[in-house]
Amino acid sequence: MKFNKLIAAGTILAVNLVNLPHAFAANTITFNGNITDATCDVSLEYKGAAVGTAGTGTIALDEVSKTALAGANSSAGQVPFFIVAENCTLGTPAKTKVAANFKSANGDNQGYLNNTASTDAATNVQFRLLDSNRSTIKVNDPGQSTTSQFTAIDTEAGGKTRMPYFVEYVSAAGSATAGSVVSTVDYELMYQ
């Protein structure tokens, strides 16, 4: 008797599972995108000199006192750097502007870069990226493609397009402690 009830329950379950995909068949998602053939060679500039190779390098901020980061939402030590694009192929149709799109596994929900120092790490301090107007760039924000400041591509022979950015220490919570601050960010070029 128990065996017959199990078979009946299994049959009902199997019939319902067969019908399950039909409940989702009416919904569709269409994805659209665009692949560009625009490309540029990339390098970094900091303090008037090239840094690193092939667009990868280290920006060393000056040391600041923890008292400069004592208050909530305080910032200090802001320095400029440039992402430089040259030898650009403009693509078809021709792209005329370029900007960087920043992403990082170290990003938080405010778009700041968390401190990943493994020894003698400062606490309550992060890095914040800023555009040329000194507005916060939210790392990992998909809206960067529409909110970024694009720079006109220099099309002259040997021309360089210098995209200005800033980085600074920031303490959202305040009460920063002394120690090392390290983080990384990846970037890719976006074209318009």
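The values are calculated or read from the model by the stated rules, or taken from the named source; none is laboratory data. The structure displayed is predicted, hence computed values, not measured ones. Reconstructed Cβ throughout: ideal geometry from the backbone, glycine too, with neighbour counts over all protein chains shown.
Checked against (1) assigned to a loop (DSSP other than H, G, I, E, B); (2) of a type outside the set (A, V, I, L, M); (3) at pLDDT below 90, His22 meets all criteria but (1).
Leu130 satisfies every condition listed in (1) under 19 Å from Gly52 (Cβ atoms); (2) surrounded by 13 or more Cβ atoms within 10 Å (Cβ to Cβ) except (1).
Among the listed residues Gly33, Gly57, which satisfies the condition of being farther than 30 Å from Gly158 by Cα and within 22 Å of the chain's Cα centre (by Cα)? Even if it seems obvious, please write down each step before you answer.
Values: Gly57 fails: farther than 30 Å from Gly158 by Cα.
Of Gly33, Gly57, the one residue that is farther than 30 Å from Gly158 by Cα and within 22 Å of the chain's Cα centre (by Cα) is Gly33.
Ala85 satisfies every condition listed in (1) touching a residue at least 60 places away in the same chain (Cβ under 8 Å); (2) assigned to a loop (DSSP other than H, G, I, E, B); (3) among the aliphatic types (A, V, I, L, M); (4) closer than 20 Å to Ser148 by Cβ except (2).
Please give the number of the condition Gln126 fails out of (1) in contact (Cβ under 8 Å) with a residue 60 or more places away in the chain; (2) more than 12 Å from the chain's Cα centre (by Cα). Condition not satisfied by Gln126: (1). Here is a check on your reading of the model: is Val139 in a strand (DSSP E or B) and of a type outside the set (Lys, Arg)? No, not satisfied. For Thr30, the requirement of being modelled with pLDDT under 90, assigned to a loop (DSSP other than H, G, I, E, B) and of a type outside the set (A, V, I, L, M) is met. I'm trying to understand the selection: among the residues of region 136-159, which are over 12 Å from the mean Cα position of the chain (by Cα) and exposed (fewer than 12 other Cβ atoms within 10 Å of the Cβ)? Residues satisfying the conditions are Thr146, Ala152, Thr155, Glu156, Ala157, Gly158. Quick check, is Gly91 in contact with a Ser or Thr (Cβ under 6 Å, 6 or more places away or on another chain) and of a type in the set (Gly, Ala, Ser)? For Gly91, the condition - in contact with a Ser or Thr (Cβ under 6 Å, 6 or more places away or on another chain) and of a type in the set (Gly, Ala, Ser) - is met. Scanning region 121-153 for residues that are farther than 12 Å from Gly111 by Cα and among the β-branched types (Val, Ile, Thr) yields a count of 6.
Please verify whether region 102-109 includes one or more residues that are surrounded by fewer than 14 Cβ atoms within 10 Å (Cβ to Cβ) and either at positive phi or without any contact (Cβ under 8 Å) to a residue 60 or more places away in the chain (or both).
Going residue by residue through region 102-109, those that are surrounded by fewer than 14 Cβ atoms within 10 Å (Cβ to Cβ) are 105, 109.
Narrowing the set further to residues that are either at positive phi or without any contact (Cβ under 8 Å) to a residue 60 or more places away in the chain (or both) leaves 105, 109.
Yes, some residue in region 102-109 is surrounded by fewer than 14 Cβ atoms within 10 Å (Cβ to Cβ) and either at positive phi or without any contact (Cβ under 8 Å) to a residue 60 or more places away in the chain (or both).
For Val64, the stated conditions do not hold, so it cannot be described as buried (at least 19 other Cβ atoms within 10 Å of the Cβ), in contact (Cβ under 8 Å) with a residue 24 or more places away in the chain and not small (Gly, Ala, Ser).
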